[in-house]
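Reviewing the structure listed below.
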Amino acid sequence: MSVKAAATMCPMSNGKATNGFKDGAGLKGEVKENGVKGSPFREWRRPDLPSKCTYKPDTPLEKSPHIHTKPQPKPKIMPNILSNIGNSPLVRLNRIPQQEGLQCEVLVKCEFFNAGGSVKDRIGLRMIEDAEARGDIKPGDVLIEPTSGNTGIGIALASAVKGYRCIIVMPEKMSMEKYRNASNPIAHFDCTAEEILDGCDGQIDMLVASAGTGGTIAGLSRKIKMKCPNCKVVGVDPSGSILAQPETLNKSDVSFYEVEGIGYDFIPTVLTRDVRKRIRGSSGSALYCAIQAAKDAGLKKGQRMVVILPDSIRNYMSKFLSDDWMSQRDFLELEQQMEPSKEWCVFQILGMATVGNMMAQIVKNKVKRSDPVSKVMYKQFKQVHMDTSLGQLSRMLDTDHFVLIVHNQRQYGSDGKMENKQMIFGIATRIDLLNFITSHDMEQ
């Protein structure tokens, strides 16, 4: 049994594909450099390096260094569950466009009908099949994938059917060593885009897709722009990410966003930003931004917009279907909750600085020790009043390291007029709550 990982190919890179092993060494041999034995495993490359892709819209596929396939129709009886990956339905939306006053036709590509429940099933299967075709892996090998969710489900599904052992590593935030695998965008270039073009008879005026590592939007946009050069391609990422263009759109006080799987704090190599537009923002984000994009572009009757819906609510039920989770983030009002951040008026607080955030920014080379403290401040934090219950405080501290406690205080100005100002009373942390509960239990 040997341990394998996906190949580090850049799409159309230098006219040939590479399996990512230094000096051609495989996993069972050791890499030697200047006579010194190195790791027997793959050579890791950062995913934010400049792209070496030589792709051009007029490049014929026969000159591509990559393996290309054609979409296959679904068989009436599927040999295994992997045959239910791809050929997702293209559905026309009616009520939402009408309510929003859109004149154009709005079609959604429902990727949650794939076997594993998301668009990532396509790339999970494709990466394994391409690695098999190159001879990089064989059944019985161990496949390791660092992932924040759907990609891991797709790879685990394909691995289980094909006879691989699969290990999924889930980091707190995606590491800088995320694989740059050409099979990611090529899966969408070969199949997803062709399905859309076939379903739309080659007429698409706008394509909207969310952007994370960039593989989905890169593969889709390149194929669709080949057939529909006037199609506008809109990328969706949340405020706090830095993927948008122009760069001015990335300026934000937001340092954290709740939506998963899209947005990054670096520019992935595979992301083709030349086709990205100016929308900020999984399926709900994509559709919301698509509506705004259609309005901004002035799409008219007879024009068509296609929106990629990457997954469903299945993977987020502990969040968006949880009243506690929603109320903690001011998305839902339940009983007496903290005041929404945009409603309170605090003159004394500019932000919060923590050692953890400061060190993280220094390690990423985003700040220098001589920079002002404002560069590492958290400008998003929760505030509560003195009458907030311990139960509410406990739920907030499930997701936040600290909560600011404030109270209203009367102040008189030089003109004798009285006004209420919000003053800082203290900071509550998980340790404070734990100490209180422990000491209270001992007294009982």
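Of the numbered criteria (1) hydrophobic (A, V, I, L, M, F, W, C); (2) in contact with a Ser or Thr (Cβ under 8 Å, 6 or more places away or on another chain); (3) modelled with pLDDT under 60, the one LEU243 fails is (2). Scanning the range 341-393 for residues that are surrounded by 12 or more Cβ atoms within 10 Å (Cβ to Cβ), modelled with pLDDT under 85 and in a loop (DSSP other than H, G, I, E, B) returns SER341, TRP344, VAL346, ILE349, GLY351, ALA353, THR354, MET377, LYS379, GLN380, PHE381, LYS382. All of GLY261, GLY302 fail the test of being part of a loop (DSSP other than H, G, I, E, B) and modelled with pLDDT of 90 or more, apart from GLY302. Hey, does the range 118-126 have a residue that's in contact with a Lys or Arg (Cβ under 9 Å, 6 or more places away or on another chain) and over 30 Å from GLY152 (Cβ atoms)? For the range 118-126, residues in contact with a Lys or Arg (Cβ under 9 Å, 6 or more places away or on another chain) and over 30 Å from GLY152 (Cβ atoms): absent.
Restricting the range 83-130 to residues that are of a type in the set (Lys, Arg), under 23 Å from GLY149 (Cβ atoms) and in a helix (DSSP H, G or I), which is farthest from the chain's Cα centre (by Cα)? Among those residues, the one meeting the criterion is ARG126.
Among the residues of the range 149-189, the ones that are at pLDDT 90 or above and hydroxyl-bearing (Ser, Thr, Tyr) come to 2 in all.
Would you say LEU107 is modelled with pLDDT of 95 or more and farther than 30 Å from ILE67 by Cα? Considered against the rule, which asks whether it is modelled with pLDDT of 95 or more and farther than 30 Å from ILE67 by Cα, LEU107 comes out as no. Within the range 140-156, residues that are on the phi > 0 side of the Ramachandran plot reach partners that are surrounded by fewer than 19 Cβ atoms within 10 Å (Cβ to Cβ) and among the hydrophobic types (A, V, I, L, M, F, W, C) with beta carbons closer than 7 Å, at six or more positions or on different chains, in the pairs GLY140/MET1.
The values are calculated or read from the model by the stated rules, or taken from the named source; none is laboratory data. In this text the structure is predicted, and so the values were computed from the model without any measurement. Methodologically, a virtual Cβ is constructed for each residue, glycine included, from the backbone with ideal geometry; neighbour enumeration extends over all protein chains shown.
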